[in-house]
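Undergrad: Please find one structure pasted underneath; my questions will follow.
The values are calculated or read from the model by the stated rules, or taken from the named source; none is laboratory data. Because the structure is a prediction, the values reported are computed rather than measured. Here the Cβ positions follow ideal geometry from the backbone for every residue, glycine too, while neighbour counts run over all protein chains shown.
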Amino acid sequence: LSANFFGPQKNTYIRVSLPAVCFVWQIAMVVLFGVFIRYDEESDEKGWNEFKKSHNITSNIENDFYFRYPSFQDVHVMIFVGFGFLMTFLKRYSFGGVGFNFLIAAFGLQWALLMQGWFHALDPVTGKITIGIESLINADFCCAGSLIAYGALLGKVSPVQLMVVTLFGVTLFAVEEYIILDLFHVNAGGAMVIHTFGGYYGLAISWVLYRPNLNLSKRLNGSVYHSDLFAMIGALFLWMFWPSFNSAITNHGAGQHRTVINTYLALASCVLTTFAISSMSQKKGKLDMVHIQNASLAAGVAMGTAAELMITPYGSIIVGFCCGIISTFGYLYVTPFLEKKLKLQDTCGIHNLHAVPGMLGGFVGAIVAATATEEIYGKEGLIETFDLTGKFENRTMSTQGGYQAAGTCVAIAFGLVGGVCVGFILRFPIWGDPADDFCFDDEAYWELPEDEETIPPVLEYNNHMVNKHHDT
Amino acid sequence: LSANFFGPQKNTYIRVSLPAVCFVWQIAMVVLFGVFIRYDEESDEKGWNEFKKSHNITSNIENDFYFRYPSFQDVHVMIFVGFGFLMTFLKRYSFGGVGFNFLIAAFGLQWALLMQGWFHALDPVTGKITIGIESLINADFCCAGSLIAYGALLGKVSPVQLMVVTLFGVTLFAVEEYIILDLFHVNAGGAMVIHTFGGYYGLAISWVLYRPNLNLSKRLNGSVYHSDLFAMIGALFLWMFWPSFNSAITNHGAGQHRTVINTYLALASCVLTTFAISSMSQKKGKLDMVHIQNASLAAGVAMGTAAELMITPYGSIIVGFCCGIISTFGYLYVTPFLEKKLKLQDTCGIHNLHAVPGMLGGFVGAIVAATATEEIYGKEGLIETFDLTGKFENRTMSTQGGYQAAGTCVAIAFGLVGGVCVGFILRFPIWGDPADDFCFDDEAYWELPEDEETIPPVLEYNNHMVNKHHDT
Amino acid sequence: LSANFFGPQKNTYIRVSLPAVCFVWQIAMVVLFGVFIRYDEESDEKGWNEFKKSHNITSNIENDFYFRYPSFQDVHVMIFVGFGFLMTFLKRYSFGGVGFNFLIAAFGLQWALLMQGWFHALDPVTGKITIGIESLINADFCCAGSLIAYGALLGKVSPVQLMVVTLFGVTLFAVEEYIILDLFHVNAGGAMVIHTFGGYYGLAISWVLYRPNLNLSKRLNGSVYHSDLFAMIGALFLWMFWPSFNSAITNHGAGQHRTVINTYLALASCVLTTFAISSMSQKKGKLDMVHIQNASLAAGVAMGTAAELMITPYGSIIVGFCCGIISTFGYLYVTPFLEKKLKLQDTCGIHNLHAVPGMLGGFVGAIVAATATEEIYGKEGLIETFDLTGKFENRTMSTQGGYQAAGTCVAIAFGLVGGVCVGFILRFPIWGDPADDFCFDDEAYWELPEDEETIPPVLEYNNHMVNKHHDT
């Protein structure tokens, strides 16, 4: 796989391609939304008034909006500030980190509303998709898959390529989600559907786009003091709002309540083991910001499926405990190994933050589901939690556990196969990606301000020089 | 209009004036709150217990607090972090951007509670204003008008002048709001009442305060790498929470629900066209942070009125589509034109982010209102949405549309006339504003830390120098 | 008190101690959670279904989760981003500020769930503690005490010492809280339980750890331009979300509603007097970021108790008015005095932001409670607000006021005595704290990135040098 096979010369000129992609796709959104998308019965003025009458609802507070809006806004913050600022850690790619994240999430959520709508909310009679607050949350989730993939590609691709990554990422996401949630009837599959898929999707793309001479940009592939602080903003908003991420679309009442408790505990526990391993790994016990910013989040990923289940508070803490260790070890040993042996360059280490914890979370969910009993959940609770109605009425819990595990494998398969295909598309020499010695540099795609911060000492220097000249 | 007409010498000494204004106005607040402001029936201990009995309410969740508090906190973040950090983009005026925003918003919201109370919530019997969560949201909105105006003045005025801008800004706001919402009975006039007014108010003040020699401060009128990242924090929190901004005081139930969906979609669409135009406008297709930080928000402004209406999801996307184009073109061509031809210096480009999109939003709202039908809203929904009760019972929808358009004109008029008057007040040479060569500089009003970041190279330099001296 | 009594040599080696503490304590959490912690009836799947039936509840919206979750997330942001980023103001201790805050809060909240559970939620029959959303909020509050203490110690202690501070801080907190809330039956004691305790706890520790030669690190004990902006992120999130902090666990309905209004008003008022005093104190009236970041928050602390009571809107404004003055004076005169005369080094000035305003808030609460009447609250409201049931049925309001005041004294006593004891524990020479000339420096505990920002001018300098050499 030679990086120059498709074209030896690189040019970051995107003045035609980026506007073209943005305009064409946004116009497509206008047309498709015009044809397909309508308000659902809880957001439509007439529909809600009729819904209230037909369901004998007296108070507007019963509108799903009030159950989900606070969580939605938290998820929204995670998508744009969380993912965005987490990717500002590079010393000269912060604009690209937060800016391209903004662009592709804004496109992805529109395309997600359509893709997820066609699979889950298409009215067979009217041919319309109806959307409400839960659709917006799901659209944000769907974007997350592509944003995770961006983490592996950070600094090495053009914004046009990222739009392609997102177009296919959202499409693949909607299909695997349909298989896992609808066909397999898996419960709360966030860990696998979002993180496992997104992680392996990004890794597979990055593998195909391997750059043997990336060390030409080595000087820029690192952080500076303040860029690490910006990244901490992203990391903390992700960490704090992960309970909302996992609970945003779980069942009303005890379901959302329990999901929050479990995620909160797992995340807290994960922080301590992350600090411990990070400190152990350095000669003087010094901590590494890369670990703190990333590995401390792994527990949120790993609880993506089991958090709604009766995993118990100490079960959550144990999951967090293991995740902090596994993820930090990943940053210490697996990422360098992948780069050296598998030719896989993973800028943000999504392998350790999303791929592996997501897979782990899928299997934890399978185990907790397989061991669920009526004694713990109550008869009603068991049916409600796993939605064992209709044709799934007689599914046993061990079968359910099996399907949960199978769902994880589907997510991995979609990520890997989809990622390889998309990777080859991205190798056409038309996308404006940077040359190997021009990676991790905002100069490629942004009008950068002249950095006056560094001018005062130089000026002072010049003055000294002038004086010296006068002296001599 | 000579900048030196009122006084040729400038002095940024504010040790008397700023404390005096703060103390006098805050003491006035204490007195006026003592005379006028009381808890409303949903926040008063006794009142709420009686309200529950008289309205046959059994659950505390029916308190308006639970319908509005999450949105309130989002709006609060927009006012203080959103507006505040958006204005940190200048390389050496970040303290002033976020700090003075903090000061004037904290004053403005108190004065707004009084002004809006006198116009909308004064009990004719007791002579008291009662406040609840909706009053707090409205007070935050009212501040936004003056904070928008600050955007045009950023770096060129003293904090004392900003307090004056806010005092009159809030006062004018309350009057125009009374005319537009109460007399004209316009629906959800956020776009016009807040943004159109605030935009033209700031532009008119800035026009009167024109500084012909502002290029003396040119070296500081720009960003550095990290200040642009701080500004992205503000931009993203504004962008993410705009659905809450527009829905915070709309009708319970489907009203709030639909407002969020519409705003969310318009904002997403706006991002893509902003990136497209920004890239098209530069030789190599490079993106400009000014556009990304600002133009991508224009759709939120433009949806300020229509978002509650049944504009349809694709209608929202079309509005966003147009806003991104118009606003980015504004930054590219209109702001330089205004400065050159109209002698109007608009630091943050509020013309393109607030004034024009707000006006556009007012007219979009007028069109959507004029075309509202019972078929779409249902009879009950139409009455509820436009509050067609009492003396407005028989108003036709085309009349409603006309009033919506007229409201926009009122907002422009209040902004322009009010701004010119306030501008002339601000030209008295007593306010401590900076000289033309001392603008955009925190040095004027802040104790700045010695910037040790720049010291290491200098020290190193000196050491080298010393060595050189020893050598020679 | 010689700083070198326990050991003249300092070594910041923590490669054994930090991982050991993290692992041992986290494993203890797993075991203790396994033995004690269970879901409560509103988060347990079976429990909630039974609760709904037994309480005749038809809607899931009655779950306490929906009353408290938005406030919980705000509090969570305050703990991790608010406190964390407020402590990034030092030029070279930002990693330690936000990073160690993250570590100790993540540990503290787990330990708090246990400690608070044993005192307040231990089922005597099953021997289990049941937790729900209110427990999570209380755990976050409990952490806040130790995070406040960290403010006095910032830059002078090792992360291992901070873990010890937190272990004992949470323990002491739970005991004093039990005395104040349960035995004294004090209402809404946030100001005293959290802030007064946390403030004096930190001050007492810092007093015992006095470093006579701290001026050896003087060059790093200050801010730079951008670190002050990072601190503003923390300050503003604290300021904006303080209404949620105070209202998160107050009574449903009018209680939460009123708490928000009162806190919002007090904070706004406090900003103006802070700016006024800050400006008055400098020769040219220039503002000091230290005051703006800290003193403007004092009103939130001081309203920690009275905010739920019928203090009236203007009462709240008066409290804010006084707090801004007192706290800013504290930063100007008291902190330097404490350092010089009492040998008390208080890095963040928690004396002025937490200790004194908290004490003030305790006494304000006592006065407002003592003057509460049935006329104002209604009979029902008075009982509900002060929970005058069971053995407290006949407590008069003046007695209640006395207990509120007594509670404040208990908090001070616990803070001072506990802090002195913990301080002596921290003086053992085994904790890896930095030497006097190595304080306020992230170099001690963090792998720092090579700061490329400062390299360009140096390189340029070298080039010039080279040229000069060539010239000569």
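Undergrad: Give the residues of the range B:185-203 that are farther than 16 Å from B:SER146 by Cα and either touching a Leu at 6+ places or on another chain (Cβ under 8 Å) or surrounded by 24 or more Cβ atoms within 10 Å (Cβ to Cβ) (or both), sorted by residue number.
TA: B:VAL186, B:ASN187, B:ALA188, B:GLY189
Undergrad: Any idea how many residues of the range B:18-45 are more than 16 Å from B:LEU136 (Cα to Cα), modelled with pLDDT of 95 or more and buried (at least 16 other Cβ atoms within 10 Å of the Cβ)? Reasoning before the result, please.
TA: First pass over the range B:18-45, keeping only residues more than 16 Å from B:LEU136 (Cα to Cα): B:18-28, B:30-32, B:34-35, B:45.
Keeping just the survivors that are modelled with pLDDT of 95 or more gives B:18-28, B:30-32, B:34-35.
Checking which are buried (at least 16 other Cβ atoms within 10 Å of the Cβ) leaves us with B:18-19, B:21-23, B:25-26, B:30, B:32.
Residues meeting the conditions: 9.
Undergrad: Do you know which residues across the range C:253-285 are more than 7 Å from chain B (Cβ to nearest Cβ) and of a type in the set (S, T, N, Q)?
TA: C:THR259, C:ASN262, C:THR263, C:THR274, C:SER278, C:SER281
Undergrad: Among the listed residues C:VAL75, C:VAL30, C:VAL98, which satisfies the condition of being assigned to a helix (DSSP H, G or I) and more than 7 Å from every other protein chain (Cβ to nearest Cβ)?
TA: Sole residue among the options that is assigned to a helix (DSSP H, G or I) and more than 7 Å from every other protein chain (Cβ to nearest Cβ): C:VAL75.
Undergrad: Please go through (1) in contact with a strand residue (DSSP E or B) (Cβ under 8 Å, 6 or more places away or on another chain); (2) at pLDDT below 95 for B:SER278 and return the number of the only condition it doesn't satisfy.
TA: (2)
Undergrad: Can you name the condition, by its number, that C:TYR314 falls short on among (1) under 30 Å from B:ASP44 (Cβ atoms); (2) out of contact with any helix residue (DSSP H, G or I) (no Cβ under 8 Å at 6 or more places or on another chain)?
TA: If we test C:TYR314 against (1) under 30 Å from B:ASP44 (Cβ atoms); (2) out of contact with any helix residue (DSSP H, G or I) (no Cβ under 8 Å at 6 or more places or on another chain), just (2) comes out false.
Undergrad: Return yes or no: is C:THR250 more than 7 Å from every other protein chain (Cβ to nearest Cβ), buried (at least 24 other Cβ atoms within 10 Å of the Cβ), within 22 Å of the chain's Cα centre (by Cα) and not in a strand (DSSP E or B)?
TA: Details: more than 7 Å from every other protein chain (Cβ to nearest Cβ): yes; buried (at least 24 other Cβ atoms within 10 Å of the Cβ): no; within 22 Å of the chain's Cα centre (by Cα): yes; not in a strand (DSSP E or B): yes.
Considered against the rule, which asks whether it is more than 7 Å from every other protein chain (Cβ to nearest Cβ), buried (at least 24 other Cβ atoms within 10 Å of the Cβ), within 22 Å of the chain's Cα centre (by Cα) and not in a strand (DSSP E or B), C:THR250 comes out as no.
Undergrad: Restricting to the range A:78-95, and then to whatever is more than 17 Å from A:ASP228 (Cα to Cα) and more than 8 Å from chain B (Cβ to nearest Cβ), can you tell me which residue is farthest from the chain's Cα centre (by Cα)? Show your work before the answer.
TA: Applying the first criterion (more than 17 Å from A:ASP228 (Cα to Cα)) to the range A:78-95 yields A:78-80.
Still in the running and more than 8 Å from chain B (Cβ to nearest Cβ): A:78-79.
Values: A:MET78: 9, A:ILE79: 7 Å.
Among those residues, the one meeting the criterion is A:MET78.
Undergrad: Evaluate the range B:204-219: report whether one residue or more is surrounded by fewer than 24 Cβ atoms within 10 Å (Cβ to Cβ) and within 9 Å of chain A (Cβ to nearest Cβ).
TA: Yes.
Undergrad: Right, something else. Filter the range A:35-68 down to the residues that are more than 24 Å from A:ALA248 (Cα to Cα) and outside any helix (DSSP H, G or I) and list them by number.
TA: A:ASN56, A:THR58
Undergrad: Let me ask something else about it. How many of the residues in the range C:260-290 are over 30 Å from B:GLY132 (Cα atoms) and of a type outside the set (Gly, Ala, Ser)? First the steps, then the outcome.
TA: Pass one, the range C:260-290, residues over 30 Å from B:GLY132 (Cα atoms): C:277-290.
With of a type outside the set (Gly, Ala, Ser) added as a condition, the list becomes C:277, C:280, C:282-284, C:286-290.
Residues flagged as over 30 Å from B:GLY132 (Cα atoms) and of a type outside the set (Gly, Ala, Ser) within the range C:260-290 amount to 10.
Undergrad: Separate question: Need the failing condition index for A:ASN56 against (1) over 24 Å from B:GLU308 (Cβ atoms); (2) of a type in the set (S, T, N, Q); (3) buried (at least 21 other Cβ atoms within 10 Å of the Cβ), just the number.
TA: So the condition that A:ASN56 fails would be (3).
Undergrad: State all residues of the range C:148-194 that are of a type outside the set (A, V, I, L, M, F, W, C) and either touching a His at 6+ places or on another chain (Cβ under 6 Å) or not in a helix (DSSP H, G or I) (or both); if no residue qualifies, say none. Even if it seems obvious, please write down each step before you answer.
TA: Just the residues of the range C:148-194 that are of a type outside the set (A, V, I, L, M, F, W, C), to begin with: C:150-151, C:155-156, C:158-159, C:161, C:166, C:169, C:171, C:176-178, C:182, C:185, C:187, C:189-190.
C:GLY155, C:LYS156, C:SER158, C:HIS185, C:ASN187, C:GLY189, listed by residue number.
Undergrad: Could you pull out the residue among B:THR166, B:THR130, B:THR126 that is crowded, with 24+ Cβ neighbours inside 10 Å, out of contact with any Cys (no Cβ under 6 Å at 6 or more places or on another chain) and not hydrophobic (A, V, I, L, M, F, W, C)? Can you show your working first?
TA: Numbers: B:THR130 fails: crowded, with 24+ Cβ neighbours inside 10 Å; B:THR126 fails: crowded, with 24+ Cβ neighbours inside 10 Å.
Step by step, each of B:THR166, B:THR130, B:THR126 is checked, and only B:THR166 is crowded, with 24+ Cβ neighbours inside 10 Å, out of contact with any Cys (no Cβ under 6 Å at 6 or more places or on another chain) and not hydrophobic (A, V, I, L, M, F, W, C).
Undergrad: B:ASP288 - would you say it is among the acidic types (Asp, Glu), crowded, with 24+ Cβ neighbours inside 10 Å, closer than 19 Å to B:ILE350 by Cβ and within 8 Å of chain A (Cβ to nearest Cβ)?
TA: Details: among the acidic types (Asp, Glu): yes; crowded, with 24+ Cβ neighbours inside 10 Å: no; closer than 19 Å to B:ILE350 by Cβ: yes; within 8 Å of chain A (Cβ to nearest Cβ): yes.
Against the criterion (among the acidic types (Asp, Glu), crowded, with 24+ Cβ neighbours inside 10 Å, closer than 19 Å to B:ILE350 by Cβ and within 8 Å of chain A (Cβ to nearest Cβ)), B:ASP288 does not qualify.
Undergrad: Moving on. Being of a type in the set (Phe, Trp, Tyr) and part of a loop (DSSP other than H, G, I, E, B) narrows it down to one residue among C:TYR210, C:TYR200; which is it? Before the answer, list the steps.
TA: Working: C:TYR200 fails: part of a loop (DSSP other than H, G, I, E, B).
Result: C:TYR210 is the single residue among C:TYR210, C:TYR200 that is of a type in the set (Phe, Trp, Tyr) and part of a loop (DSSP other than H, G, I, E, B).
Conditions (1) farther than 27 Å from C:PHE321 by Cα; (2) in contact (Cβ under 8 Å) with a residue 40 or more places away in the chain; (3) part of a helix (DSSP H, G or I); (4) touching a strand residue (DSSP E or B) at 6+ places or on another chain (Cβ under 9 Å), marked per residue:
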site	(1), (2), (3), (4)
C:LYS218	yes, no, yes, no
C:SER223	yes, yes, no, no
C:LEU236	no, no, yes, no
C:ARG258	no, yes, yes, yes
C:LEU265	no, yes, yes, yes
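Undergrad: Hey, among A:ILE61, A:ILE57, which residue is more than 7 Å from chain B (Cβ to nearest Cβ) and without any contact (Cβ under 8 Å) to a residue 12 or more places away in the chain? Explain how you work it out, then say what you get.
TA: Values: A:ILE61 fails: more than 7 Å from chain B (Cβ to nearest Cβ).
Exactly one of A:ILE61, A:ILE57 is more than 7 Å from chain B (Cβ to nearest Cβ) and without any contact (Cβ under 8 Å) to a residue 12 or more places away in the chain, namely A:ILE57.
Undergrad: Which one of these does B:LYS284 not meet: (1) touching a Gly at 6+ places or on another chain (Cβ under 9 Å); (2) modelled with pLDDT under 95?
TA: Status for B:LYS284: all satisfied but (1).
Undergrad: Can you name the helices (runs of 4 or more DSSP H) wholly within the range C:321-438 that have at least 2 residues being without any contact (Cβ under 8 Å) to a residue 12 or more places away in the chain and over 27 Å from the mean Cα position of the chain (by Cα)?
TA: Working: elements: C:335-341, C:356-370, C:374-377, C:379-386, C:397-426.
Helices (runs of 4 or more DSSP H) meeting the threshold: C:374-377, C:379-386.
Undergrad: I'd like the residue in the range C:311-355 that is within 13 Å of C:HIS291 (Cβ to Cβ) and hydroxyl-bearing (Ser, Thr, Tyr) and, out of all such residues, is surrounded by the fewest Cβ atoms within 10 Å (Cβ to Cβ).
TA: C:TYR333
Undergrad: For the structure I just gave you, tell me whether B:ASP437 is acidic (Asp, Glu), modelled with pLDDT of 95 or more and closer than 24 Å to B:ASN215 by Cα. Steps first, answer last, please.
TA: Values: acidic (Asp, Glu): yes; modelled with pLDDT of 95 or more: no; closer than 24 Å to B:ASN215 by Cα: yes.
When the stated conditions are applied, B:ASP437 does not pass them.
Undergrad: So, one more: Among C:ILE129, C:ILE148, C:ILE133, which is in contact with a Leu (Cβ under 7 Å, 6 or more places away or on another chain) and hydrophobic (A, V, I, L, M, F, W, C)? Explain how you work it out, then say what you get.
TA: Working: C:ILE148 fails: in contact with a Leu (Cβ under 7 Å, 6 or more places away or on another chain); C:ILE133 fails: in contact with a Leu (Cβ under 7 Å, 6 or more places away or on another chain).
Exactly one residue qualifies, and that residue is C:ILE129.
Undergrad: B:ILE179 is checked against (1) away from every other protein chain (no Cβ under 12 Å); (2) surrounded by fewer than 24 Cβ atoms within 10 Å (Cβ to Cβ); (3) more than 30 Å from B:MET397 (Cβ to Cβ) and fails just one. What number does that condition carry?
TA: Condition not satisfied by B:ILE179: (3).
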